Amino acid sequence: MFSTGIIVFREVLEAALIISIIAAATRGVAGRTAWIAAGVGAGLCGATVVAGFTDVIADFSEGRGQEIFNASVLLLAVLMLAWHNIWMAAHARKLAGDMKSVGTAVSLGERGLWVIAVVVGLAVLREGSEVVLFAYGIAAAGAAAGSMAIGGLVGLACGVVTGYALYAGLLRIPVRHFFTVTGWMILLLAAGLASSAAGYLLQAGLLPALGNQLWDSSGFISSDSAVGEVLHILVGYEARPAGIQLVFYVSTLVAIGLGMLWSGRRSRRPAGTPAADKQARPVPASS
Amino acid sequence: MSASKILRNFVIAAAMALPLTAVAVDEYRVVIENHRFEPAEVKIPAGKRVVLIVENRDATPEEFESHELKREKIIAGGKTAKIRIGPLEPGRYPFFGEFNEDTAQGAVIVE
């Protein structure tokens with residue numbers, strides 16, 4: 001029962017932390033709760049379908065199907081997070097400003113919001129399909145199934161509570177730093193997912209390793225320790241990264257970072273030069 | 001050495017190298033039964049690519065996972081999966097079944 005709870009907790013935790021970061025990052029945006037809920041719903045449906053087709057997916061491309069599928073889901077999520085962050089870079093100042101003055105949700109239109117539904121949906125899909133498969137194993141366990149199911153539910157609840165705790169913690173960050181922090185978190189999250197995708201493609205033999213193991217920091221923070229797992233989810237920590245993973249990580253970081261800079265600058269330009277802009281709008285920038 | 005000789009030698013060398021990369025990947029069988037790996041230890045040579053053929057004889061799915069080998073693969077009940085590993089340095093690389101971690105423990109021994 002205990003071990004069942006741990007396994008479910010691990011899988012749920014990853015999706016829960018991603019959802020809470022997304023929820024925090026879209027704080028103050030009208031309609032985002034509905035989009036997140038839609039993402040969770042679609043992700044759960046997708047997870048059941050993926051779990052049901054595990055065999056079919058696995059047999060694709062000479063047994064490389066699972067790796068290709070996982071890598072595709074991860075890279076799609078990276079793309080969506082990139083889009084989201086670049087889009088947010090243009091709106092964060094308005095959001096932070098309005099949140100302080102009005103204190104209510106700001107409508108930015110729903111143009112950029114479907115992206116968060118996709119990100120949330122993909123996270124739930126990926127982790128959820130493993131939970132569904134695992135639950136199938138529990139159901140087949142017979143006599144022990146009851147206590148294992150309770151363990152699973154406890155694990156699920158703990159995962160959701162931890163996700164909520166992160167969300168509540170993020171909301172305590174002062175408004176003027178808020179979107180900078182969530183922007184950085186999403187940036188690192190995306191880089192970590194890209195590195196995981198590279199790991200799957202390497203496992204499938206579709207990418208060169210460029211160094212099987214760049215370093216081994218498992219003596220410092222082990223990948224299977226609680227800290228190691230949380231860091232893996234949040235910033236893509238790997239105790240024994242392959243070269244190609246680092247390449248994916250850094251490229252993603254740089255590409256999205258440059259996109260955010262470009263988008264942030266562009267959104268400020270109509271108000272004047274960058275220097276004049278600071279003086280013209282002191283309220284959202286400081287205080 | 002004339003250009004045609006170099007070319008001929010190159011073609012011969014390439015032809016000799018080809019089967020090495022295409023065929024000579026050794027396969028090692030591991031069976032999952034009653035949530036245990038059999039054999040629990042797989043010995044493979046250092047510096048070579050090999051394939052682990054993991055057959056899940058249980059009715060329930062299992063996830064073959066190893067932090068040391070950087071591998072993570074779900075194997076449905078009654079199914080067989082190929083897990084490509086190597087080339088590796090000599091050492092012990094533990095793996096486990098994530099869905100039944102209490103019993104499903106094993107290791108690849110590279111020597």
Checked against (1) crowded, with 21+ Cβ neighbours inside 10 Å; (2) more than 9 Å from chain A (Cβ to nearest Cβ), B:GLN105 satisfies every condition except (1)
Apart from one, (1) surrounded by fewer than 21 Cβ atoms within 10 Å (Cβ to Cβ); (2) within 13 Å of chain A (Cβ to nearest Cβ); (3) of a type in the set (Asp, Glu) all hold for B:ASP58; the odd one out is (1)
Residue count, region A:129-150, condition in a helix (DSSP H, G or I) and within 13 Å of another protein chain (Cβ to nearest Cβ), comes to 15
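The rows are residues; the columns are (1) out of contact with any helix residue (DSSP H, G or I) (no Cβ under 8 Å at 6 or more places or on another chain); (2) within 14 Å of another protein chain (Cβ to nearest Cβ); (3) more than 15 Å from A:LEU81 (Cβ to Cβ).
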{"position": "A:VAL230", "(1), (2), (3)": "no, no, yes"}
{"position": "A:VAL235", "(1), (2), (3)": "no, no, no"}
{"position": "A:ARG240", "(1), (2), (3)": "yes, yes, yes"}
{"position": "A:ILE244", "(1), (2), (3)": "no, yes, yes"}
{"position": "A:TYR249", "(1), (2), (3)": "no, no, no"}
{"position": "A:THR252", "(1), (2), (3)": "no, no, no"}
{"position": "A:GLY257", "(1), (2), (3)": "no, no, no"}
{"position": "A:SER263", "(1), (2), (3)": "no, no, no"}
{"position": "A:ARG268", "(1), (2), (3)": "no, no, yes"}
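Output the residues belonging to region A:49-82 that are more than 14 Å from chain B (Cβ to nearest Cβ) and either touching a Ser or Thr at 6+ places or on another chain (Cβ under 6 Å) or not small (Gly, Ala, Ser) (or both). Break it down stepwise before answering.
Applying the first criterion (more than 14 Å from chain B (Cβ to nearest Cβ)) to region A:49-82 yields A:49, A:72, A:75-82.
A:VAL49, A:LEU75, A:LEU76, A:VAL78, A:LEU79, A:MET80, A:LEU81, listed by residue number.
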Log entry, pairs with first residue in region A:195-218 being more than 10 Å from chain B (Cβ to nearest Cβ), second being in a loop (DSSP other than H, G, I, E, B), beta carbons closer than 6 Å, six or more apart or on different chains, reads A:SER195/A:GLY236; A:LEU201/A:LEU207; A:LEU214/A:PRO241; A:SER217/A:ALA239
Residue set B:GLU38, B:GLU111, B:GLU55; condition on the phi < 0 side of the Ramachandran plot and without any contact (Cβ under 8 Å) to a residue 12 or more places away in the chain; output residue B:GLU38
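Computed from the coordinates by the stated procedures, all read-outs in this text should not be read as laboratory data. Remember, it's a predicted structure, so these values are computed and weren't measured experimentally. Heads up, the Cβs are rebuilt from the backbone with ideal geometry, glycines too, and the neighbour counts pull from every protein chain shown.
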